[in-house]
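The numbers here are math on the coordinates, done by the rules we state, and not lab data. Keep in mind that this is a model prediction, so the values were computed, not measured. In this analysis, Cβ positions are derived from the backbone assuming ideal geometry, glycine residues included, and neighbour counts consider all displayed protein chains.
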Amino acid sequence: MRAARVALVVACLVVAAFPISAYAVPVPTITASSATVNVGDTFDILISISSPVEIDSWQFDLAFTPSLLKANSVTEGSFLSQSGTKITLFSPGVIDNATGDITLVTDSFVDLPPGPSGSGVLADISFTALAPGVSPLTLANVFLNDLDSSSGFMTTDGVVRINGAAVPEPMTVTLLAMGLGAAVGHHWRRTRLRRVQRRDKESVPVTRKEGSAEQGGRSDETVCTPDRDTRSPRDHRPDHDTRPGTDHLERAVLRDAVVGSKATV
């Protein structure tokens, strides 16, 4: 009897020190996958579950580094519908790329029991790599069957490693294009202005001063007149004799001829 009591006490101490449940019942685990990508790549991160018990609802938040990653979308995984049902209540949550948070991603099984169990994908998150570096993927506010992690399940965070050179942000590219366009426009305007000024200068008429005949002197007014031939009509005669006394001699000859013809009559 005394030996039996000792054996029972020893058995209780062993059970207390090594709980049987710790070995007999595995706990559900939610895992964020990891990836190694290049700058500019768009890729998917899977939020998966491995659960030996029936799951009818889940929820999680995910944090990332906003300077390295941009979250594009969250889509429902196949875990809750893998038992054949199409009746689920999924919410993709809220994406905030300024703070690097995806919050309130939830899903519920609303069909008849039993609910799904085993392994599967809860959600598929699309990311774009912005710059080289390492971004942790941290799960938070995780719930299974409306119970938080204190109820006994585990979570495993992921990580994204990004290789390559940084890609300029869209706003930087836009500002660069605007600056280049402004510089080209300014150069074009200056070139066009110089051409107009040179053309105007070449088309300016000859400027000279003309005297006033009525006042008998020179006028101070500058008159712009086109180039024209100012010679008198007599100057245009090709055979005009410009020697002194030529006109007087011609008139004398004509007069003598007239007088002679009258005398003959």
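Of all residues in the stretch 92-115, those satisfying the criterion of being among the hydroxyl-bearing types (Ser, Thr, Tyr) and under 17 Å from residue 145 (Cβ atoms) are 106, 108.
Of everything in the stretch 55-86 that is of a type in the set (Ser, Thr, Tyr) and assigned to a strand (DSSP E or B), the residue that is farthest from the chain's Cα centre (by Cα) is 57.
The residues of the stretch 87-103 that are of a type in the set (Gly, Ala, Ser) and part of a strand (DSSP E or B) amount to a single one, 91. Residues that are touching a Cys at 6+ places or on another chain (Cβ under 6 Å), surrounded by fewer than 16 Cβ atoms within 10 Å (Cβ to Cβ) and among the small types (Gly, Ala, Ser) number at least 1 in none of the strands (runs of 3 or more DSSP E) confined to the stretch 104-162.
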